[in-house]
Amino acid sequence: ANRAQVVETLNTILATELMCVLRYKRHYYSAKGINSESVKKEFLEHAQEAQQHADRIAERIVELNVKPDFNPETITSRSLSQYSDGETLHEMIKEDLVAERIAVESYSEVVRWLGEEDVTTRKLMADILMVEEQHAADMQKLYGKLQSV
C-alpha cells in the first residue's frame, strides 16, 4: 500500500481513538444516577481500551518510520468521531454508540482497503475492529437496558 496514505489513515484513526479516550473519560467522571455505577465501569473500560488502540496505532506509525501526530490542535478535525457533552446517561451512551458504529464502519473499510497490500497494518486494524464491534454491542445493550427503565 502507499505508505503515505497508510500513515495518513493511521493518524486519522489515532485522532479518533484519542477522541474516544477523552469522551469516555468525560462520561466516566460525569455519569450520575441510580444506574450509573455499571455504566461508569463500562465507560472506564472502553477508555482504557481506546488508549491501548491509540498506543498500538502510534507504534505502527513509528514502525513505518514516521512520527505519529498527537497535535491537540488538529485532533478534533482529524477524528472520525466527535467529542460531545451529553449530560444524561442516555445521551452519553447514545453518543458513544454512534461513535462506535462510525469506528466499526470506518475501520472495516480500512481493513478492506489494505487487503494484501499491508498485511501487518491490516491485522492490527482487524484486531482493533473486533474490540470496536464489542464496544458497539456493549453500548447497544446498555442503551436498551436504560430504555426499559
Which of the residues belonging to the stretch 21-41 are touching a Phe, Trp or Tyr at 6+ places or on another chain (Cβ under 6 Å) and open to solvent by less than 10 Å² (accessible area, probe 1.4 Å)? 23, 24, 27
Of all residues in the stretch 48-68 being in contact with an Asp or Glu (Cβ under 8 Å, 6 or more places away or on another chain) and under 11 Å from residue 20 (Cβ atoms), which is surrounded by the fewest Cβ atoms within 10 Å (Cβ to Cβ)? 51
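Please go through the stretch 85-144 and give me each residue that is acidic (Asp, Glu), open to solvent by 70 Å² or more (accessible area, probe 1.4 Å) and assigned to a helix (DSSP H, G or I), ordered by number.
Scanning the stretch 85-144 gives 91, 105, 109, 133.
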Among 14, 44, 18, the single one that is within 26 Å of residue 110 (Cα to Cα), open to solvent by 10 Å² or more (accessible area, probe 1.4 Å), of a type in the set (A, V, I, L, M) and modelled with pLDDT of 95 or more is 18
Give the residues of the stretch 128-142 that are under 16 Å from residue 103 (Cβ atoms) and in contact (Cβ under 8 Å) with a residue 24 or more places away in the chain, sorted by residue number. 128, 129, 131, 132, 133, 135, 136, 138, 139, 140
Report yes if some residue within the stretch 69-81 is of a type in the set (Gly, Ala, Ser), at pLDDT below 95 and surrounded by 16 or more Cβ atoms within 10 Å (Cβ to Cβ); otherwise report no. yes
Find all pairs meeting these conditions: Cβ atoms under 8 angstrom apart; at least six residues apart or on different chains; first residue within the stretch 11-32 and within 13 Å of residue 53 (Cα to Cα) and touching a residue at least 24 places away in the same chain (Cβ under 8 Å); second residue charged (D, E, K, R) and not in a helix (DSSP H, G or I). 11/69; 14/69; 15/69
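The values are calculated or read from the model by the stated rules, or taken from the named source; none is laboratory data. Source: prediction; values computed, not measured. Glycine also receives a Cβ, built like all others from the backbone with ideal geometry; neighbour counts cover every protein chain displayed. Only protein heavy atoms, including side chains, enter the accessible area calculation; ligands, DNA and RNA are left aside. Shrake-Rupley method; radii C 1.70, N 1.55, O 1.52, S 1.80 Å.
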